[in-house]
Amino acid sequence: MKLALRELRRRPGRFVVATTILTLIALLLMFIGGLLDGLLASSTGAFRAQRGDLIVFSSSSRESLVRSRITPEVRSAVEGVEGGTAVGGLGSLQLGARPGDDPETRDLLATVLFGYELAPRGLPAEPPAPGTVVADSALRADGVAEGDTLLLGPARSPVEVVGFVDDTRYAGQASLWGSLATWRAVTAENRPGRAAGDTVQALVVRADGTAPGALAGAIDDATGGATTTLTVDAAIEALPGVSQQRSTFNQIIGVTLVVALVVVALFFALITVERTGLYGILKAVGASGATLFAGVVAQAVVVTLAASAVGVAGSLALDALVPAGGIPFDPTPGRLAASVALLLAAAVAGCAISLRRVLRIDPASAIGAAS
């Protein structure tokens with residue numbers, strides 16, 4: 001292994017081609033992963049921020065917040081189920097927003113107004129006063145500041161921004177968080193046919209030491225099948241496009257890793273052919289096949305780590321250069337670490353293709369061929 005690492009130091013030019021190709025693959029892999037995480041974050045933030053264990057939809061809604069309606073009677077049945085410590089209503093309304101100082105502008109901000117009772121992460125336990133909202137920080141990129149007034153929907157319903165919260169976007173739109181009273185008033189003004197009355201779109205339930213799955217079944221039984229209750233993770237997966245995006249991007253990531261494996265396999269297969277004579281001499285003086293293969297793996301790991309380092313640096317640089325509100329790119333530490341680990345696994349797997357050739361080298365024939 002020392003000999004392999006010494007070769008890396010003394011003859012780095014031999015590994016330039018493989019390092020360059022792996023660097024490009026690492027950049028592609030981490031860009032795809034960051035784009036996937038950014039897309040998912042911009043679609044699921046409102047649900048991920050919930051401090052509950054379950055989300056209760058009406059059974060006819062197909063797990064869609066927009067189509068769901070929970071009546072006071074159904075809510076009473078949910079609240080009567082043992083195992084839940086708190087139940088809070090949740091409502092949403094997707095509307096275009098105009099700055100209050102430019103009410104006639106055609107450049108609308110894509111927003112979702114939420115009314116809540118159980119505070120999601122980062123929001124005050126007591127919802128903002130009627131007519132006021134806490135906005136997702138993504139709106140800062142559009143020039144929205146604390147104290148500004150936004151006019152929502154065709155009715156231009158005014159709401160005042162009294163604060164900001166991070167990472168609560170929903171369906172790719174910035175969220176506005178207010179009380180259920182604010183949500184109902186804005187809904188009545190802009191969507192008269194969907195006036196909420198005493199209903200809410202969903203219920204957020206906190207469990208009290210009860211397994212969420214068991215509590216979900218108990219809730220649906222108590223409501224006589226009028227509800228469909230999901231864990232927060234399941235509700236996130238049920239959001240339109242989430243599972244499809246994850247599946248598609250994971251397939252692309254898989255293909256990228258296969259390419260990395262093939263690159264490493266071909267490169268070190270050629271290296272092994274070139275070193276046949278050297279390996280024969282080393283075997284003749286007592287080096288085992290496992291030792292020689294360990295040297296190949298060590299070289300592949302070093303080359304892959306160098307390529308990965310450039311990939312990580314490139315991803316972080318891109319994240320810093322992308323303006324707020326631009327492409328949904330989010331290179332999380334977990335994603336970057338996973339990408340490095342997957343590249344290393346692909347590199348080691350690629351080296352394994354050379355294992356048979358290394359083990360089968362016969363010292364006498366290899367030395368004879370070299371001479």
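The values are calculated or read from the model by the stated rules, or taken from the named source; none is laboratory data. Since the model is a prediction, treat every value here as computed from it, not as a measurement. Using ideal geometry, Cβ is built from the backbone for each residue, glycine included, and neighbour counts are taken over all protein chains shown.
Looking at the structure I just gave you, is Gly131 touching a residue at least 40 places away in the same chain (Cβ under 8 Å), among the small types (Gly, Ala, Ser), touching a strand residue (DSSP E or B) at 6+ places or on another chain (Cβ under 8 Å) and surrounded by 20 or more Cβ atoms within 10 Å (Cβ to Cβ)? When the stated conditions are applied, Gly131 does not pass them. If you scan region 225-239, which residues turn out to be in contact with a Phe, Trp or Tyr (Cβ under 6 Å, 6 or more places away or on another chain) and more than 18 Å from Tyr170 (Cβ to Cβ)? The one that is in contact with a Phe, Trp or Tyr (Cβ under 6 Å, 6 or more places away or on another chain) and more than 18 Å from Tyr170 (Cβ to Cβ): Thr228. Exactly one residue out of Gly254, Gly311, Gly286 is surrounded by fewer than 17 Cβ atoms within 10 Å (Cβ to Cβ) and modelled with pLDDT of 75 or more, and it is Gly254. Checked across region 129-138, the condition of being among the hydroxyl-bearing types (Ser, Thr, Tyr) and under 30 Å from Ile219 (Cβ atoms) holds for no residue. Within region 239-251, the set of residues being over 15 Å from Ile32 (Cβ atoms) and crowded, with 16+ Cβ neighbours inside 10 Å comprises Leu239, Val242. Scan Leu54, Leu39 and give me the residue that is among the hydrophobic types (A, V, I, L, M, F, W, C) and in the same structural domain as Val258 (by TED's automatic domain parsing). Of the residues listed, the single one that is among the hydrophobic types (A, V, I, L, M, F, W, C) and in the same structural domain as Val258 (by TED's automatic domain parsing) is Leu39. Would you confirm, using the coordinates I've provided, whether Ile236 is at pLDDT 90 or above, surrounded by fewer than 18 Cβ atoms within 10 Å (Cβ to Cβ) and out of contact with any Asp or Glu (no Cβ under 8 Å at 6 or more places or on another chain)? So Ile236 fails the test. Scanning region 83-102 for residues that are of a type in the set (A, V, I, L, M), closer than 17 Å to Ala202 by Cα and either crowded, with 21+ Cβ neighbours inside 10 Å or not assigned by TED's automatic domain parsing to the domain that holds Val159 (or both) gives Val87, Leu90, Leu93.
For region 342-360, the criterion of being within 30 Å of Asp167 (Cα to Cα) and at pLDDT 85 or above is met by at least one residue. Restricting region 42-75 to residues that are of a type outside the set (A, V, I, L, M) and in a strand (DSSP E or B), the residue that is nearest to Gly241 (Cα to Cα) is Phe57. Remark: pairs (first residue in region 149-176, in the same structural domain as Asp136 (by TED's automatic domain parsing) and in a loop (DSSP other than H, G, I, E, B); second residue aliphatic (A, V, I, L, M) and surrounded by 17 or more Cβ atoms within 10 Å (Cβ to Cβ); Cβ separation under 6 Å; 6+ apart in sequence or on different chains) = Gly153/Leu95; Thr168/Ala46; Thr168/Ala49; Arg169/Ala138. Only one of Ala226, Ala260, Ala222, Ala218 is modelled with pLDDT under 90 and over 25 Å from Ser43 (Cα atoms). Can you tell me which? Selected residue: Ala260, the only one of Ala226, Ala260, Ala222, Ala218 that is modelled with pLDDT under 90 and over 25 Å from Ser43 (Cα atoms). If we scan region 319-329, do we find a residue that is free of Cβ contacts under 8 Å to residues at least 12 places away in the same chain, surrounded by fewer than 19 Cβ atoms within 10 Å (Cβ to Cβ) and closer than 26 Å to Val348 by Cα? Taking every residue of region 319-329 in turn, none turns out to be free of Cβ contacts under 8 Å to residues at least 12 places away in the same chain, surrounded by fewer than 19 Cβ atoms within 10 Å (Cβ to Cβ) and closer than 26 Å to Val348 by Cα.
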